[in-house]
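Enquirer: Take this structure, written in structure tokens, and hold onto it; I'll ask about it next.
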Amino acid sequence: GAVVSQHPSWVICKSGTSVKIECRSLDFQATTMFWYRQFPKQSLMLMATSNEGSKATYEQGVEKDKFLINHASLTLSTLTVTSAHPEDSSFYICSATKTRAGTDWLNEQFFGPGTRLTVL
Amino acid sequence: AQKVTQAQTEISVVEKEDVTLDCVYETRDTTYYLFWYKQPPSGELVFLIRRNSFDEQNEISGRYSWNFQKSTSSFNFTITASQVVDSAVYFCALSQGGKLIFGQGTELSVK
């Protein structure tokens, strides 16, 4: 199997606070994890690519100082939304790829169930 | 630039009808992967199929079938004899070098 979990599944916070979301690969080692954001009735947009032991690569338009990503181990990546504001309210989804093996390892992503963030 | 277009925003069908969800993609690369995902109201993405650019064989899995045509850059998805449980948002996606580019999604409502 290839199970990815996210914690928490939902969170409500006050404006100005920071929120940390965890993404874990439960039964495999994940060299690379991805973070997506999905606003209501919209598509998933890639925010950043996280490689274990190195700095995350952010997509254009994503503030790296606002969305802090840490991938300290092969099974855990965290996304911290710093000083969250109502416009950060969204559905955050992570995905993970297995440790490099074969030629198309990057093209099989396993998705977590998502975290719904509501900022009041 | 890579792009995925799902022109149908919403589709509503009656149970047992067949329905086709369209997906058109743009890429300059010769090696790429195409995917379909289902997103039910719970939000969790459900993987349906992956197809690489060198495999143009159509695929059937139960009531689901996929038609990949490189000549028209399309990767369409057909559900035969639709059921209420098929109601969800369906995303087509293109992967190059690991980055997934999603289409806007098609919301299918089966009544």
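Enquirer: For the condition modelled with pLDDT under 95 and under 11 Å from the mean Cα position of the chain (by Cα), what is the one hit in B:I49, B:I60? Can you show your working first?
Expert: On the way: B:I60 fails: under 11 Å from the mean Cα position of the chain (by Cα).
Unique residue meeting the criteria: B:I49.
Enquirer: Looking at (1) charged (D, E, K, R); (2) within 20 Å of B:Q6 (Cβ to Cβ); (3) buried (at least 17 other Cβ atoms within 10 Å of the Cβ), find the lone condition where A:K41 falls short.
Expert: (3)
Enquirer: Sticking with this one: Residues in segment B:29-45 that are in contact (Cβ under 8 Å) with a residue 12 or more places away in the chain and over 11 Å from the mean Cα position of the chain (by Cα): how many?
Expert: Qualifying residue count, segment B:29-45: 9.
Enquirer: Next question, about the same structure. On the basis of being within 11 Å of chain A (Cβ to nearest Cβ) and either more than 26 Å from A:M47 (Cβ to Cβ) or surrounded by 15 or more Cβ atoms within 10 Å (Cβ to Cβ) (or both), does B:Q6 make the cut?
Expert: It is true that B:Q6 is within 11 Å of chain A (Cβ to nearest Cβ) and either more than 26 Å from A:M47 (Cβ to Cβ) or surrounded by 15 or more Cβ atoms within 10 Å (Cβ to Cβ) (or both).
Enquirer: Take segment B:4-34 and flag every residue that is at pLDDT below 95 and either touching a His at 6+ places or on another chain (Cβ under 8 Å) or part of a strand (DSSP E or B) (or both).
Expert: B:Y33, B:L34
Enquirer: For the subset of segment A:97-117 comprising residues that are more than 10 Å from chain B (Cβ to nearest Cβ), under 19 Å from the mean Cα position of the chain (by Cα) and open to solvent by 50 Å² or more (accessible area, probe 1.4 Å), which member is modelled with the lowest pLDDT?
Expert: A:T99
The values are calculated or read from the model by the stated rules, or taken from the named source; none is laboratory data. As the structure is a computational prediction, the values presented were derived from the model and not from experiment. Counting neighbours? That spans all protein chains shown, and the Cβs are built from the backbone with ideal geometry, glycine included. Surface areas here come from the heavy atoms of the whole protein model, side chains and all, with no ligands, DNA or RNA. Shrake-Rupley method; radii C 1.70, N 1.55, O 1.52, S 1.80 Å.
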